[in-house]
Each structure stands twice: as structure tokens, then as C-alpha cells.
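What follows is a set of notes on a single structure, which appears directly below.
Rule-based calculations on the coordinates, nothing more; no lab input. Just so it is clear, the model here is predicted, and its values are computed rather than measured. We place every Cβ from the backbone using ideal geometry, glycine too, and count neighbours over all the protein chains shown.
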Amino acid sequence: MTRWFATTFGALGARNFLILWLGSVLSFIAFFMSTVVQSVVAFDLTGNNRSVGTVVFAQGIAQLVLGPLGGAMADRISRRAMLFACQAVITVAFAATAVLLGLDRVTIILLALGSFVIGSAFSFLGPSRQAFAIDLVAMRQRGNAMALNQVALNGSRILGPLVGGVFLAVTFLGATGAYAGMAVLYIGALASTAMLPDSRASAAAGRSVIGDIVVGVRYVAREPGLGILVLTFVLVLMAGFPYVTVLPGMLENELGRGTDSLSLLYGVSAAGGLLASLLVAGMADSPRAQLVYRVAGMAFGVTLVLSALSPNFPALVGAMLLLGIATGAFQTLNGALVAHMAEPGYMGRVMSLTFMAFAGFQVVALPVGFLADAAGERATLGLLGAVVCAIVIGFALLPSGAASQRRGRGSEPGPVR
């Protein structure tokens, strides 16, 4: 037990990484509160899946357009400064939405605009946070650090929806109180970031930002194992994660449940994700990681199909638990594999490409919303699951060369203590 604990949580022994990790927990909780709250607000305003898809699309298109720029900037300027600035923007966006809700002035357009601003900030925040984590630990702990970030994310996937659901259920708090609570959590994240040391830029001096983006894309493309890993992750999440757009309609139209049950589904899925993250964190630096990664991707597709076939709400809860386990293992091991394959000087740009997966699924969420309105939620979920399975099988048949994981080849900055 002691050995498992040391292996699973080893990177938290680095003080600065622990501070970053705790701040990440606060921001992740706020983010997953928003996924529930904004979906419910959007659906209640209009009563259709298109509205949910529109709000999610706004955040996704911002990340899709600005994601590569965020990765390049993460390798050019202080990652601590970037974290602080982005967290401040998100804090203001959540607070402004709370005010609009309190004044009963919110509309789908304004909700989507706020989502776009938050997505723009995430484009810069995500790559900087992941790359900063690598700066704060020793080389041998990189995979574990990335896995622990995923543990924080999946733990927050439990707390966030539950906290969001409590806010929505308490009449005098509601969505207004939820958005205000998100802003407070981000203030806590800002405080933790202020306690961290600064980091130095690693990108080549004298090169333009566009030049850095091009160099980063070429770097990923010329490394077969890394390129296939990134592309698999992006396409799987783009194809599978739009299921979140369909869930409110699935509950109401197919199972006769209210949208307030959405927080329970997210919470159960997150519990599975947290369990999976804890189980695989200890193997994040082992040769078995690649095989488990592929199995988890396939399981993601299968559990989406099971969700589509669920005859009642308890069956859907069970399917969402399995889905959470699959996606938790898949996302955790992707970050660990990237941490070992990519050189530190490229980490911000490589991570920005993996984050394109989240931007992509949010963009795809809009047409998926239209598809669900036209063909039904069950058919849409089943189709998403089949596509995920096809993607995983197709890439598994390619020679990835991932078995030869590179352990920090080339020059690199030492860990910041």
C-alpha cells in the first residue's frame, strides 16, 4: 500500500508542483460546475439541443482558432504570468455572467459570448499549465505529474457537477449563485499561482510566433509515435465527447427525466474517471501504458453504444460509470505518453495540439445537436460510439513506434524547485 501511494502520488512531493496542483483543483471544479450549469441554463432558455450546442460551440471555436497560438506562447513567455492573466479573465467572465443572470438579462447570445471569452482564455491557460507542471518536477516524474493533473481533473468532475447541482437545486442560489461561486474558486486559483516561481521561455529567440507554431507542428509530424498519439487523441475526443450535448435531451425526451438529473450522470462518470486515473497513475511511466491507452479508447466507444441502448435511467447511470472509467484511463495515459515522447522545449506547443481535441469536440457539438434533434438522442449516441471504435481500431493497426518512448532527449531546463 505504501509503495502504491508513493508511486501514484510521488510528484506531489515537489512543493511547487503541489501548489500548482491545488490551484488546478480549484479551477477544475469551477470548470465542471460550468459544464452542468451552462447546459441547464441554455436548455431551459429554449428547450432544444441546438442552444446547448451553440454555447458549447462558442467555447470550442475560440480554442480551435487560438489553441496553436496558446501553445506557442507557452514556450515563449513566462508560464506563471500566462496562468495568472488567463485565470483573471475567466474570473471576470464568470462574475459578469452571474450579474446578467441576477438581473434576468441573460440570453443565448450573451451566454455564448461568455463561453467564447472563457474558451479564448483556456486556449492559453491549458498548454501553459501542463508545460509548467513539467518544469516543476524531475524528469523521472513527468509521466506521474501529468497523470496527477488528470487525477485532479477527474476528481473535480465529481465535485464540480455535484456542487453545481446543489446551487441549481437551492432556489435562492440558483444559476446566479453558481456562477458567482465559480468566480470565487478562480480567485483561489489566482492566489495559488501567485505563490509559484517564475519560469523562463524556451522557444528560440528571434523567431516569430507563427514560426514557432509551424516548427511545433513539424516537430509532431516528423515524430511518428508522437504524431499518431496526438492524432488519435484528437479524433477520439472530437468524435466521442459531443455526447455531453445529447445528454439533456436523452434524459428529457427518451427517459422522461428532468435536466436536474444531469449532475448525477456527470458525477457518476467522474467517479469512474477518478478511479481509473488513480489506478493507471502508477503505470504512467511504464511500457504498459500504450496498450492500456488503446484498450481504454476502445472501451470509450463501446460504453457510448451502451449508453444509447440504456432502457431506463439506472441503466444509463451504469453505462456512464463505465464510460467514466474508460475516458479517465484514456486521458490520463495520453498526457503521460506525451510527457515522455515530447522534448520539454516543445511541450507547450505539443499540449496545445492535444487540447485541440477539446476545441474540436465543442465545435462538433453544434452539428451533433442538430443531428440529435433530427434523428433522436439514442441514434446519435450510438453513431458517436461506433465512430470512436473505428478510429481506435484504425490507428491501432498503424506502426506507431511509440514503444521507443524518448526520455527527455536533447537539452532541457532543470526542474524549478
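Couple of notes before you dig in:
- Virtual spin-label span in nm between Arg140 and Leu45, 7 Å along Cα→Cβ: 5.3
- Packing-based exposure ordering (other Cβ within 10 Å, fewest first) of Thr8, Thr245, Thr171: Thr171, Thr8, Thr245
- Farthest toward the positive end of the dipole of the chain, out of Val234, Gly211, Val388, is the Cα of Gly211, where the dipole comes from beta carbon charges about the Cα centre.
- The 3J(HN,Hα) values that the Karplus relation (6.51, -1.76, 1.60; θ = phi - 60°) gives for region 246-257 are, in residue order, 8, 4, x, x, 4, 5, 7, 8, 9, 10, x, 10 Hz. Gly and Pro appear as x.
- For the chain, the longest principal axis of the Cα atoms and the long axis of helix 377-396 meet at an angle of about 20 degrees.
- 3J(HN,Hα) along region 58-73, derived from phi through the Karplus expression 6.51 cos²θ - 1.76 cosθ + 1.60 where θ = phi - 60°, amounts to 4, 5, x, 5, 5, 5, 5, 6, 9, x, x, 5, x, x, 5, 5 Hz, with x in place of Gly and Pro.
- Cβ-based exposure ranking for Asp373, Asp44, in which fewest neighbours within 10 Å come first: Asp44, Asp373
- For region 18-117, chymotrypsin sites (Phe, Trp or Tyr not before Pro) meeting the loop criterion (DSSP other than H, G, I, E, B) and having at most 11 other Cβ atoms within 10 Å: none.
- Residues whose placed amide H lies under 5 Å from that of Val137, excluding near-sequence neighbours: Val416
- Label-to-label distance, nm, for residues given as Phe172 and Ser208 (7 Å Cα→Cβ offset): 5.8
- Phi to ³J(HN,Hα) by Karplus 6.51 cos²θ - 1.76 cosθ + 1.60 over region 339-344, Hz, x for Gly, Pro: 4, 8, 7, 8, 6, x
- Among the trypsin sites (Lys or Arg not before Pro) in region 223-326, those placed in a DSSP loop whose Cβ has at most 13 other Cβ atoms within 10 Å are Arg288.
- Computed [θ] at 222 nm, deg cm²/dmol, the chain (DSSP H ≥ 4; -39,500 (n - 2.57); rounded to nearest 500): -27000 deg cm²/dmol
- Loop-located trypsin sites (Lys or Arg not before Pro) in region 1-89, at most 12 other Cβ atoms within 10 Å (DSSP): none
- Virtual spin-label span in nm between Ala81 and Val184, 7 Å along Cα→Cβ: 3.3
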